[in-house]
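Here's the structure we're looking at; comments come further down.
Each value in this text was obtained by applying a stated rule to the coordinates, not by laboratory testing. On a predicted model such as this, the values are computed, not experimentally measured, just so you know. Here the Cβ positions follow ideal geometry from the backbone for every residue, glycine too, while neighbour counts run over all protein chains shown.
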Amino acid sequence: MASNRRARRNYEVLDTFECGMVLRGTEVKSLRAGGAQMGDAYARVRDDEMWLMGLHIAPWSHASPILGHELERPRKLLMHRAEINRLRARTEQDRLQLIPLEIYFRDGRAKLELALARGRRLYDKRQAIRKRETDREARRALRDRSA
């Protein structure tokens, strides 16, 4: 339904987790219509609960303005207590971030792929681009050589 394409460029993904989201009715319908933007979204552990901040879900086109939802409210994420405690410890000790990568539906329920990630510096981004280009050139050379 929605993906955060900038996350893999700006962050080095160390581990991924799947978690549920607590949503309201019009938010689910808007997600199914593709109305989510994850550009500045991030997750935090607050009061032993996981919260998603900065996710923008556009208003559903057929909803009345009175019964609609807030566009950028904090949304609770559903994870096991042990996972939340482990993620809290890793983010506090290693200075890592929790970045959402993708929102999708599984068995009719909205799921979020959450990444434990380390921010990349500018030279890391350049190295990643250089490595990707050399790998692409090597694959192209092998393909042309075998054909």
(Q) Condition (residue is loosely packed, with under 15 Cβ neighbours inside 10 Å, more than 15 Å from the chain's Cα centre (by Cα), over 30 Å from L122 (Cβ atoms) and not hydroxyl-bearing (S, T, Y)) applied to segment 87-100: is it met by at least one residue? (A) no
Q: Within segment 72-114, work out how many residues are over 26 Å from G25 (Cα atoms) and touching a residue at least 60 places away in the same chain (Cβ under 8 Å).
A: 4
